[in-house]
Structures are given as structure tokens and as C-alpha cells.
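The values are calculated or read from the model by the stated rules, or taken from the named source; none is laboratory data. Keep in mind it's a predicted model, so treat the numbers as computed, not measured. Quick reminder, even Gly has a Cβ in these numbers, built from the backbone with ideal geometry, and neighbours come from all protein chains shown. Each accessible area value is taken on the protein alone, full model and side chains, heavy atoms only, with ligands, DNA and RNA left out. Shrake-Rupley method; radii C 1.70, N 1.55, O 1.52, S 1.80 Å.
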Amino acid sequence: MMNNLSSATEFCLLGFPGSQKLHHILFAIFFFFYSVTLMGNTVIIVIVCVDKRLQSPMYFFLGHLSALEIMITTTTVPMLLWGLLLPGMQTISLVACVTQLFLYLAVGTTEFVLLGAMAVDRYVAVCNPLRYNIIMNSHTCIWVVIVSWVFGFLSEIWPVYATFQFTFCKSNLLDHFFCERGQLLKLSCGDTLFTEFVLFLMAVVIIIGSLTPTIVSYTYIISTILKIPTASGRRKAFSTCASHFTFVVIGYGSCLFLYVKPKQTQAAEYNKIVSLFISVVTPFLNPFIFTLRNDKVKEALRDGMKRCCRLVKD
């Protein structure tokens, strides 16, 4: 605990309550999730890069989405694991805290923009298939990805700057497993109401703004699919969108609960659960969502495994 006259130069992360035995169980669970996340998303990136059957806009975006999932989970989970493995509180410097929060928010924002672009891509594929290669050409796809990354990182500079402009003099104890914005604002001695309102508006613009093209795209997609006369045709058309739609529901649902509300400083237990879903569960599910329902990816994985087995035998 620090005195009430100065701002924190480092923070102590309280992490998860409970016995050391419980911490070891949680460590094993989260370590498994993290390992599978890294391996699964890396495999997707590799096969998208090397397999000619996956050289299309959908898989190009998927490769970048997998890279973002690796980044967002690596931003928070290693420190979470370290805190579970060692007894006591986990300390983090002010500079490291700023960096962690910025990367977490910037990568998340980039992901939202990219998901919106992927929804538009699915709309063009289903509703304008004859013009798909013309509209979603390589030049367009590269620019979409560049804009997504640049917007994601530039848009979070002010929110992070505004968060750390306050003096953290109430305490330096963060009741979380990483430098989460809501818990940081709780430690401020200043009036955070206006800043919280501005952050709320920015969250609305970013999350709802990127969700809008998704909603519009799927409205047209569903309308087009329902007009297909055969059941097999409808299933085939929807199968091209099912993975993306599932990921959108999971990703946007958790972030809407965490960020799109006027009061950012909600209960720590609530924050931890939703943050775990964003930084652990969703990146873990990503490889399964985009492979189990996708025949092309499964074929590419099978062929890749066969080639690896032949190399090992030789």
C-alpha cells in the first residue's frame, strides 16, 4: 500500500483468490489453453501462407485474425500464469502497465475492424459471387488489413493516455490479473466521470461501428440464402459464413458486456471473468471454429500432416 500523496510507480496485481492448490489447478488449465492457442493459431497462419487452396481473401483475413489472437493472449496470459505459479502478489512497473494496456486495447480494436471487413467479404461472396474476384482483389485486401491495423493502434493512443493522466494515490493494488482500465480508474484520486463517459462513447463508436457492417452484411446474406431453392444449396451458402458468424457472436458479446457501458469501474470479479473470456477462451476457440466447419482448411491440414510424416520417415 502506498501513501496518499504520490502516484504509483508500480502496481501489484492481486490475480485470483484461493489456495495454492487451486492456483496450481488454474495454472494447468490456463497453460493448456495458452499452448493450444499458440499452436492452433500458428498452424492456421502457416497453412494460409503455404497452401495454394487457401490463397483467397477469406483466408488472408483469417491469417491476420489468428495473428491478432496470438498477440492478445500473449499480452495478458504469461503474466497470469506467472502470478498463479508463484505465491504472493505480482508486481508490474508503470511503463509495463501502460504498454500492456495499450497492446490489449489496440489489438482488440484491430480485431473488431477486421471482423467487420470479413463480414463484408462474406456478403460479397454470397450476394455478388460473379463480381467477388473483382471487388475483393489482392490490392483491396491488403489495404483493408493495413487500415485495420493502423486504425486499431492509433485509436487507442488517447484512451490509454487519458487513463494514465490521473494520479493513482488511493492504492497500488490492482484487483485483476493484468492492467485493466476499469480497475486502474478505481485507484485514481481525481474525478474520472468525464473520462469514463468519453471512453464509453469511444467504445460505442468502435464496437458498434464495426458491428454495423456485420449486421447489415448478414441481413443481406440471410435474405439471399433464403431465396436459394434447394436445401443443399442453402447449407453450402451458409457454411461459408458459419465460422465467421460464430466468432462474431462470441467476440462481440463478451466485449459489449465489458466496455459498452457508461461506468467503467465495475466489480473486479465481473471484469476478471469477461477478461478471461476475451484473452483466454476466445483465442483458444478460434482455430477450432475456423477449422471444424471448413472443409478446405481441414484438407490443407491433412495434406500438411501427410507431408510432415513423409519428411520424418525420410
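Would you pick out the residues in the range 143-157 that are closer than 11 Å to residue 105 by Cβ and either part of a helix (DSSP H, G or I) or over 15 Å from the mean Cα position of the chain (by Cα) (or both)? Before you say what the answer is, go through the steps one by one.
The initial filter retains those residues of the range 143-157 that are closer than 11 Å to residue 105 by Cβ, namely 152-153, 155-157.
Result: 152, 153, 155, 157.
As an exercise: evaluate residue 207 against (1) modelled with pLDDT under 85; (2) β-branched (Val, Ile, Thr); (3) over 21 Å from residue 76 (Cβ atoms) and give the number of the one condition it does not meet.
All conditions are met except number (3).
Can you tell which of 16, 31 is open to solvent by 50 Å² or more (accessible area, probe 1.4 Å) and either in a loop (DSSP other than H, G, I, E, B) or touching a residue at least 12 places away in the same chain (Cβ under 8 Å) (or both)?
That would be 31, the only listed residue that is open to solvent by 50 Å² or more (accessible area, probe 1.4 Å) and either in a loop (DSSP other than H, G, I, E, B) or touching a residue at least 12 places away in the same chain (Cβ under 8 Å) (or both).
Report yes if some residue within the range 190-204 is in a loop (DSSP other than H, G, I, E, B), modelled with pLDDT of 85 or more, open to solvent by less than 50 Å² (accessible area, probe 1.4 Å) and under 25 Å from residue 112 (Cβ atoms); otherwise report no.
Checked the range 190-204: no residue is in a loop (DSSP other than H, G, I, E, B), modelled with pLDDT of 85 or more, open to solvent by less than 50 Å² (accessible area, probe 1.4 Å) and under 25 Å from residue 112 (Cβ atoms).
Please state which of the following conditions residue 71 fails to meet, knowing it meets all the rest: (1) assigned to a helix (DSSP H, G or I); (2) open to solvent by 10 Å² or more (accessible area, probe 1.4 Å); (3) of a type outside the set (Gly, Ala, Ser); (4) more than 22 Å from residue 146 (Cβ to Cβ).
(4)
For the range 35-53, how many residues are free of Cβ contacts under 8 Å to residues at least 12 places away in the same chain and in contact with a Leu (Cβ under 9 Å, 6 or more places away or on another chain)?
Of the residues in the range 35-53, 0 are free of Cβ contacts under 8 Å to residues at least 12 places away in the same chain and in contact with a Leu (Cβ under 9 Å, 6 or more places away or on another chain).
Residue 233 passes all but one of (1) open to solvent by less than 40 Å² (accessible area, probe 1.4 Å); (2) part of a helix (DSSP H, G or I); (3) within 30 Å of residue 290 (Cβ to Cβ); (4) in contact (Cβ under 8 Å) with a residue 12 or more places away in the chain; which number fails?
Only one criterion in (1) open to solvent by less than 40 Å² (accessible area, probe 1.4 Å); (2) part of a helix (DSSP H, G or I); (3) within 30 Å of residue 290 (Cβ to Cβ); (4) in contact (Cβ under 8 Å) with a residue 12 or more places away in the chain is unmet by residue 233, namely (4).
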